[in-house]
1. Using mean Cβ contacts within 10 Å as the protection proxy, how do 72-81, 35-44 order, highest first?
2. If you rank 120, 163 by fewest surrounding Cβ atoms within 10 Å, what's the result?
3. Given q = 0.23 Å⁻¹, what are the Debye log10 I(q)/I(0) values for region 72-194, with equal point scatterers placed on the Cα positions and solvent ignored?
4. Cβ neighbours within 10 Å, averaged per peptide: list 155-161, 188-194, 97-103 in order, most packed at the top.
5. 7 Å from Cα along Cα→Cβ at both residue 153 and residue 118: what's the point-to-point distance in nm?
6. For 61, 176, what ranking results if the residue with the fewest other Cβ atoms within 10 Å of its Cβ goes first?
7. Using the 10 angstrom Cβ neighbour count as an exposure proxy, how do 34, 25 rank, fewest first?
């Protein structure tokens with residue numbers, strides 16, 4: 001087991017972190033890295049090659065999509081829900097990955113995908129990628145709260161995410177706003193797990 005440094009700050013000490021992590025991964029002959037965070041996906045895929053760490057970085061939705069395509073996933077019961085997907089900034093706009101999370105959702109029995117107007121390349125941030133999570137933003141002005149409103153407008157019962165920051169932002173806004181239980185916030189992998 002390799003302990004990986006995951007703190008990405010700007011202090012002189014933390015700037016060594018990618019170098020140290022890359023060195024550890026190379027020493028352990030790691031070839032593939034599976035990540036759930038779009039931020040880590042982007043960093044490992046785009047910044048580590050500069051450090052001689054040319055790893056095959058896979059986001060969990062890519063992995064799940066491949067398993068489904070290879071018919072290695074056996075579906076059980078279905079979920080009768082309307083679902084909308086939130087494109088994480090670092091997976092979509094910065095990473096160019098739009099299809100795999102949607103392919104997973106489309107294959108879940110019973111889910112009825114709906115679409116927000118601002119999606120894929122036009123998607124709006126939940127606030128996690130833009131640092132909004134650390135700002136003191138007025139209620140009803142938070143990006144996550146505005147996006148939840150858009151999801152509810154299109155009739156979604158579930159807002160599916162593929163980013164832990166999006167999940168935290170949306171769940172926080174759901175709990176502290178008037179939205180209540182109008183909509184569920186679930187990771188794509190959670191939705192898949194429910195039907196296995």
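Here, each number is a calculation from the coordinates, and none is a lab measurement. All of these numbers come straight from a predicted model, not from anything done at the bench. Ideal geometry is used to build each Cβ from the backbone, glycine not excepted, and the neighbour counts take in all protein chains shown.
1. Output ranking for 72-81, 35-44: 35-44, 72-81.
2. Fewest-to-most Cβ neighbours within 10 Å comes out as 120, 163.
3. -1.43
4. So the peptides 155-161, 188-194, 97-103, ranked by packing, come out 155-161, 97-103, 188-194.
5. About 0.9 nm separates the two model spin labels.
6. If I rank by nearby Cβ atoms, fewest first, I get 176, 61.
7. 34, 25
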